[in-house]
1. Would you please name the residue that is surrounded by the most Cβ atoms within 10 Å (Cβ to Cβ), looking only at residues in region 385-429 that are of a type in the set (Ser, Thr, Tyr) and over 16 Å from Cys448 (Cα atoms)?
2. Identify the residue in region 480-502 that is open to solvent by 70 Å² or more (accessible area, probe 1.4 Å) and among the charged types (D, E, K, R) and, among all such residues, is nearest to the ligand (Cβ to nearest atom).
3. Identify the single condition in (1) of a type in the set (D, E, K, R); (2) part of a loop (DSSP other than H, G, I, E, B); (3) open to solvent by less than 10 Å² (accessible area, probe 1.4 Å) that Glu102 does not satisfy, given that it satisfies every other one.
4. Could you tell me whether any residue of region 74-90 is open to solvent by 10 Å² or more (accessible area, probe 1.4 Å), basic (Lys, Arg) and under 30 Å from Val327 (Cβ atoms)?
5. Just checking, which of Ala277, Ala271, Ala228, Ala261 is open to solvent by 10 Å² or more (accessible area, probe 1.4 Å), among the aliphatic types (A, V, I, L, M), in contact (Cβ under 8 Å) with a residue 60 or more places away in the chain and in contact with a Gly (Cβ under 7 Å, 6 or more places away or on another chain)?
6. When residues of region 364-373 are filtered for being assigned to a loop (DSSP other than H, G, I, E, B), open to solvent by 30 Å² or more (accessible area, probe 1.4 Å) and free of Cβ contacts under 8 Å to residues at least 40 places away in the same chain, how many remain?
7. Is it the case that some residue within region 456-479 is within 17 Å of the chain's Cα centre (by Cα), away from the ligand (no atom under 15 Å from the Cβ) and hydrophobic (A, V, I, L, M, F, W, C)?
Amino acid sequence: MTLQTKIGSAAAEAAEVLERLGVAAPLWTGGDRPVRSPVTGEVVAHVHDASPAQVAKAIDAAHGAYLAWRNVPAPRRGELVRLFGQELRAAKADLARLVTLEAGKIVSEANGEVQEMIDICDYAVGLSRQLFGLTLATERPDHRMMETWRSLGVVGVISAFNFPVAVWSWNAALAFVCGDACVWKPSEKTPLTALAVQSLFERAAVLFGDAPKNLSAVVIGGREVGEALVDHPKVPLVSATGSTAMGRAVGPRLAARFARALLELGGNNAAIVAPTADLDLTLRGVAFAAMGTAGQRCTTLRRLFVHDSLYDAFLPRLKAAYGSVPVGDPRQEGTLVGPLIDAASRQGMEQALADAKAAGGRVTGGELVDVPGCPEAVYARPALVEMAVQADVVRRETFAPILYVMRYSDLAEAIRLQNDVPQGLSSSIFTNDVREAELFISERGSDCGIANVNIGPSGAEIGGAFGGEKETGGGREAGSDSWKAYMRRATNTVNYGRTLPLAQGVEFDV
Ligand code: NAD
């Protein structure tokens, strides 16, 4: 099949896949909001925005479902998540295809995104038998003090375009086993994948048998729909993934009503290439982390500090990789860099490159790539920018494939520069010197939520807690003890004696 034939088919392909995934045509046709595929630039659907009244109705219904769901034993709740995981396995290729069509990811990355959903389901199933509390020493005789974990309520999930389905699953799979319901506002750029996931969830609920209706809901729309979720009193936790600007708006609104915020915001991730680095491994690690997903991951590598002793050997190899990386239709075998999400993203990229040049940067790549048959899609060759200093443009997140490269001579100074940005998501060091590696992950090392050695900053596994510090928002999702965010902690003290000793020796005899 030629590139040309494939290019013409995004709308038709989306329609076929949506049908197979059980998404009824009225959900994605006839609405006011056009959905564009970044692969071809075509409008592939017209979805319906939820009105404020519809958002409120969805939350009320989810709250009703929650009141029933919390009474279901947690391992049984895990069974629903297990069934959902099976639906994902069966539909993996189709859902991944929709991720490609809607978010522009290359095939292997789109498959990886769905695999990540399957992985978190498996994790949550196990977790459903491990939601454990503690028994604590009490100072009073014949008393027992314990900590128990209870469900929370309706969890609001706001997600970004670049992980259109996985981020929801990190939240939802845990929330469901914790006894919560979920209302999801996907990115307005990627509503179709959300509708497909909801359809798969409903299939799993049918197999489960007696799951309460409306345990999971999708509300489509832009910022206003997100705000309606954020402001609703029956949503005790909102997990919001997106830009720092979004988090700045959402955080205070949640705080104003004392709701919980789990914020997963922008990153400006760095790697240090130290003198003993294995350069072959480093090249692969840097190339994937910086150019993968066309630079549109929160964990994308955006700043590279290369030791003086390696710089002249390493840079030409890295530049060669930038010059030869295949950019094009993400559906085609061999493509490693797909499209930017839209024209606004390209404008942001051009502005950053102009600012970098003005600050003395030397740019390699970054030009538009013409992919035949899709004049409205935006394809760009990733850009590598050699900078003498960490200028302002380097310190901000530009959500596009731009890697700023700087020299360093002293590791402490490189770590200082790596930490000298407002964001704190992910970081790496490439070294075979155990002292440098340990220093990097020590108290005096990286200040990020993720600090790696000899792998890039991008591509986290679900088993660890995911999230970052400073302007990245401080939230943690997925593995480790992240589940605690979706539950209410209660301290219970039980007196099984016949007297009433008060704590701290207080006397109060009436
Ligand atoms: P975005 O901030 O434009 O939108 C994210 C979501 O927030 C969308 O659903 C949007 O409709 C909603 N939203 C925007 N303003 C809102 C408001 N005031 N109230 C309620 N909802 C609002 O982000 P994007 O362009 O979709 O995604 C790219 C950004 O997301 C980058 O900054 C990237 O680093 C970040 N991101 C972070 C993580 C993470 O885990 N830290 C993961 C993915 C993406």
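1. Of all residues in region 385-429, those of a type in the set (Ser, Thr, Tyr) come to 398, 404, 408-409, 426-428.
Within this subset, residues satisfying the condition of being over 16 Å from Cys448 (Cα atoms) are 398, 404, 408-409.
Numbers: Thr398: 24, Tyr404: 27, Tyr408: 20, Ser409: 11.
If we take residues in region 385-429 being of a type in the set (Ser, Thr, Tyr) and over 16 Å from Cys448 (Cα atoms), then Tyr404 is surrounded by the most Cβ atoms within 10 Å (Cβ to Cβ).
2. Residues of region 480-502 open to solvent by 70 Å² or more (accessible area, probe 1.4 Å): 481, 488-489, 491, 496, 498-500.
Still in the list and also among the charged types (D, E, K, R): 481, 488-489, 498.
Working: Asp481: 18, Arg488: 24, Arg489: 24, Arg498: 54 Å.
This residue is Asp481.
3. (2)
4. The answer is no, given that none of the residues of region 74-90 is open to solvent by 10 Å² or more (accessible area, probe 1.4 Å), basic (Lys, Arg) and under 30 Å from Val327 (Cβ atoms).
5. Details: Ala277 fails: in contact with a Gly (Cβ under 7 Å, 6 or more places away or on another chain); Ala271 fails: open to solvent by 10 Å² or more (accessible area, probe 1.4 Å); Ala228 fails: in contact with a Gly (Cβ under 7 Å, 6 or more places away or on another chain).
Answer to the check: Ala261.
6. Looking only at region 364-373, we keep the residues that are assigned to a loop (DSSP other than H, G, I, E, B), and these are 366-367, 369-373.
Retained after the next criterion (residues that are open to solvent by 30 Å² or more (accessible area, probe 1.4 Å)): 367, 369-370, 372-373.
Right, trim to free of Cβ contacts under 8 Å to residues at least 40 places away in the same chain and you get 367, 370.
The number of residues fulfilling the criteria is 2.
7. To start, the set of residues in region 456-479 that are within 17 Å of the chain's Cα centre (by Cα) comprises 456-479.
Retained after the next criterion (residues that are away from the ligand (no atom under 15 Å from the Cβ)): 456, 463.
Those still in the list that are hydrophobic (A, V, I, L, M, F, W, C) too: none.
Within region 456-479, none of the residues are within 17 Å of the chain's Cα centre (by Cα), away from the ligand (no atom under 15 Å from the Cβ) and hydrophobic (A, V, I, L, M, F, W, C).
Every residue, every condition in (1) open to solvent by less than 50 Å² (accessible area, probe 1.4 Å); (2) of a type in the set (D, E, K, R); (3) more than 24 Å from the chain's Cα centre (by Cα), yes or no:
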{"position": "Ala321", "(1), (2), (3)": "yes, no, yes"}
{"position": "Glu333", "(1), (2), (3)": "no, yes, yes"}
{"position": "Leu336", "(1), (2), (3)": "no, no, no"}
{"position": "Leu340", "(1), (2), (3)": "yes, no, no"}
{"position": "Ala344", "(1), (2), (3)": "no, no, no"}
{"position": "Gln351", "(1), (2), (3)": "no, no, yes"}
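The values are calculated or read from the model by the stated rules, or taken from the named source; none is laboratory data. Note that this is a predicted model, so its numbers are computed, not measured. When we count neighbours, we look across all protein chains shown, and the Cβ atoms used for this are built from the backbone with ideal geometry, even at glycine. Side chains are part of the model used for accessible areas, which takes the heavy atoms of the whole protein and leaves out ligands, DNA and RNA. Shrake-Rupley method; radii C 1.70, N 1.55, O 1.52, S 1.80 Å.
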